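Notes follow once the structure below has been shown.
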Amino acid sequence: MQQLFRHIDKDRELVYAWFEAMHTRIDLVLWNTEGADRLSRAAQGIETETRRIERMGSRFLPDSEVSRINDAAPGCPVCVSEELCALLTRCLDYRQRWGGLFDVTACEGTLCRPDEQRLAVCAPYVTRKDETVRIDFSGCLKGYALDCAVSLLRSEGIVNGLLNFGNSSVFALGNHPKGEGWIVSEADNPDRRHVLRDECLTTSGNNAESRRHIVHPLSGRLVEGRRTASVITRSGEEGEVLSIVKFLSDISSVSS
C-alpha cells in the first residue's frame with residue numbers, strides 16, 4: 001500500500017492511500033479529527049479485508065472458495081463459508097427479482113432462463129446443477145468489498161472519506177474537508193457530476209467500442225458497443241446489481 005499524509009489544519013489530518021486488488025486500483029481518501037495513525041491503520045485494514053474477500057470470491061484465484069465450487073463435479077456439494085453462502089443467496093434473489101438480468105452464473109454461449117435453478121445453496125454447501133454453471137461475481141464482489149470497507153471505517157469512528165474502487169464504484173462517506181458531501185463524476189462522463197454524502201455512484205458497461213466483457217444472461221451473448229449506465233445507491237453491492245440491470249435494460253430497449 002502507498003500512503004500520503006497531509007495536515008489539514010490544527011485539528012484535522014488526511015491520509016491518501018492506494019493499492020491494487022481485484023484486478024483494479026483502489027484509492028482511499030480519509031480524514032478525521034483524531035490523528036493520521038488511526039487513519040493509516042484503517043486504510044491498512046481496508047486493504048486486508050479487500051484481499052480476504054478476493055481470496056474468497058474471485059474466480060481468477062485457483063484456491064478461492066468460488067474456484068472450488070466451479071471445479072467441483074456437477075451435483076457434488078462443496079462446503080464453503082457462511083459468508084459466501086449469504087452472498088450467493090442474495091445474488092440468486094437479485095436474479096429472480098430482476099427477471100434474470102443480473103446473474104452471477106451467466107457465461108458466453110449459455111442462455112439462462114430466469115426460472116432456471118442453476119445453483120443450490122444450503123449453507124454451508126453450494127452445488128452446481130450442471131457442467132455449464134460457473135460463478136463469476138464480477139463487479140458484485142467489488143461492491144460487497146466496498147460495503148465492508150465502509151462498515152470497517154464506521155466501526156472505527158471514521159465518518160469522512162472517499163473510497164474509489166476502480167472508478168466504477170465510488171462511495172462518498174460523510175463530508176469533504178472543505179464542504180458538504182463529495183463531488184463525484186461519472187466514470188465515463190466526467191461532465192456529469194453528483195454531490196454525494198453517504199452514497200455510492202456505480203457505473204457499469206463498455207467504456208470503449210472494443211470493450212466486450214458483459215454477457216447478457218438471457219441471450220448468452222457478449223454486449224458490444226460503447227455504452228454505460230450509472231446509478232446512485234446507499235451500498236456498493238446494490239449499486240453493482242442495479243447498474244448492470246439498468247445497462248442491460250437500456251440495451252434491450254434500444255434493440256427492441
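Below are the figures for this structure:
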| read-out | value |
| --- | --- |
| Residue check, residue 3 of a type in the set (S, T, N, Q), part of a strand (DSSP E or B), in contact (Cβ under 8 Å) with a residue 12 or more places away in the chain and surrounded by fewer than 17 Cβ atoms within 10 Å (Cβ to Cβ) | yes |
| Any chance residue 54 is touching a residue at least 40 places away in the same chain (Cβ under 8 Å) and closer than 21 Å to residue 66 by Cβ | yes |
| Conditions (1) farther than 29 Å from residue 61 by Cα; (2) among the acidic types (Asp, Glu); (3) not in a strand (DSSP E or B); number of the one not met by residue 116 | (1) |
| In the range 168-210, the residues that are in a loop (DSSP other than H, G, I, E, B) and in contact with a Ser or Thr (Cβ under 8 Å, 6 or more places away or on another chain) | 168, 187, 188, 207 |
| Identity of the residue in the range 72-109, touching a Pro at 6+ places or on another chain (Cβ under 8 Å) and of a type in the set (D, E, K, R), that ends up farthest from residue 135 (Cα to Cα) | 82 |
| When residues of the range 23-51 are limited to those that are of a type in the set (Lys, Arg) and open to solvent by 70 Å² or more (accessible area, probe 1.4 Å), the one nearest to residue 137 (Cα to Cα) | 51 |
| Test: residue in the range 88-109 that is over 25 Å from residue 236 (Cβ atoms), surrounded by 14 or more Cβ atoms within 10 Å (Cβ to Cβ) and not polar (S, T, N, Q) | no |
| Tally of residues being farther than 15 Å from residue 87 by Cα and part of a strand (DSSP E or B) across the range 119-143 | 1 |
| Residue among 54, 65, 20 that alone is touching a Gly at 6+ places or on another chain (Cβ under 9 Å), of a type outside the set (S, T, N, Q) and under 20 Å from residue 138 (Cβ atoms) | 65 |
| Residue list for the range 215-234, restricted to those being outside any strand (DSSP E or B), surrounded by fewer than 20 Cβ atoms within 10 Å (Cβ to Cβ) and in contact with a helix residue (DSSP H, G or I) (Cβ under 9 Å, 6 or more places away or on another chain) | 218, 223, 225 |
| Qualifying residues in the range 67-87 (those that are among the hydrophobic types (A, V, I, L, M, F, W, C), over 16 Å from the mean Cα position of the chain (by Cα) and not in a loop (DSSP other than H, G, I, E, B)) - the one surrounded by the most Cβ atoms within 10 Å (Cβ to Cβ) | 69 |
| Failed item in (1) more than 30 Å from residue 34 (Cα to Cα); (2) surrounded by fewer than 17 Cβ atoms within 10 Å (Cβ to Cβ), with residue 128 passing the rest | (2) |
| The range 38-66: number of residues that are among the acidic types (Asp, Glu), farther than 26 Å from residue 14 by Cβ and assigned to a helix (DSSP H, G or I) | 2 |
| Answer residue from the range 175-189, given it is among the small types (Gly, Ala, Ser) and over 20 Å from the mean Cα position of the chain (by Cα) and is surrounded by the most Cβ atoms within 10 Å (Cβ to Cβ) among those | 181 |
| Residue 98 vs. criteria more than 17 Å from the chain's Cα centre (by Cα), of a type in the set (Phe, Trp, Tyr) and within 30 Å of residue 5 (Cβ to Cβ) | no |
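The values are calculated or read from the model by the stated rules, or taken from the named source; none is laboratory data. Just so it is clear, the model here is predicted, and its values are computed rather than measured. Heads up, the Cβs are rebuilt from the backbone with ideal geometry, glycines too, and the neighbour counts pull from every protein chain shown. To get the accessible areas, we keep the full protein, side chains included, count just its heavy atoms, and leave off ligands, DNA and RNA. Shrake-Rupley method; radii C 1.70, N 1.55, O 1.52, S 1.80 Å.
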